[in-house]
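To start, the structure itself, in structure tokens.
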Amino acid sequence: MIGNFLRGYIDGALSTLGIVVGASSAESPVIVAAAVGGTIANGIANILSASSAAKAEYHGELREVEKAMVDKDLTGTVIDKKIGRQSMFAGMVDGLATVIGGAIPILPLLFLSGNQALFTSIGLVVLSVIVIGVYLGKISKRNLIISGLKMAIYGISVAVVVYFVQEIIV
């Protein structure tokens, strides 16, 4: 489940950062409304997509077990019901993590204004994904600094690309 959490968190943090940066020419309440709306929609979408994907994957594995058991149908069994619960839990973890990650770039907008809020949002997101990168480097037994830097580059890239898109459009 840690994978579901990390995926959801990174998705929420980076996509909401994109909303914050993309709307940065607007007034703070508009940015907050757009970011909160985007975060909630993203969280719900991730609950549905992650649980559906997990359920499909688990049921695919279950079909393989059925074949190995000479085509015994396991629909409605304890295993089938467990798949439903595990799938929903995976989706809930992913969706909740998306909302938690999405809150990170929003928080500075509640206390700061203008460029100070924008740069603080970017900094907090980049810092949080660096920590995740270091953690991923640790569990994969890879270079921690490189893993953290890769994640920093992802976060900064989102901010830079969306900023330039916003500049072109607005």
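Taken together, the values in this text are just the output of simple stated rules run on the coordinates, not laboratory data. Keep in mind it's a predicted model, so treat the numbers as computed, not measured. Cβ sites come from the backbone with ideal geometry, for glycine too, and all protein chains shown count toward neighbours.
Okay, here's what the table says:
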| item | result |
| --- | --- |
| The stretch 109-133: number of residues that are closer than 20 Å to K150 by Cα and in contact (Cβ under 8 Å) with a residue 40 or more places away in the chain | 6 |
| Tally of residues being crowded, with 21+ Cβ neighbours inside 10 Å and of a type outside the set (S, T, N, Q) across the stretch 24-53 | 5 |
| Qualifying positions in the stretch 13-38 - within 13 Å of the chain's Cα centre (by Cα) and either over 14 Å from P108 (Cβ atoms) or of a type in the set (S, T, Y) (or both) | L14, S15, T16, G18, G38 |
| Pair list, Cβ under 6 Å, 6 or more apart: the stretch 1-24 residue under 15 Å from A53 (Cβ atoms), other residue charged (D, E, K, R) and in a helix (DSSP H, G or I) | N4/D94; G8/D94 |
| First in the stretch 52-76 and under 19 Å from M88 (Cα atoms), second anywhere and aromatic (F, W, Y), Cβ under 9 Å, 6 or more apart | A54/F89 |
| Test result for I104, among the aliphatic types (A, V, I, L, M) and in contact (Cβ under 8 Å) with a residue 40 or more places away in the chain | yes |
| Test result for S147, among the hydroxyl-bearing types (S, T, Y), surrounded by fewer than 16 Cβ atoms within 10 Å (Cβ to Cβ) and farther than 25 Å from S25 by Cβ | no |
| Output for the stretch 142-170, where each listed residue is in a helix (DSSP H, G or I), in contact (Cβ under 8 Å) with a residue 40 or more places away in the chain and farther than 19 Å from G12 by Cβ | Y163, V165, Q166 |
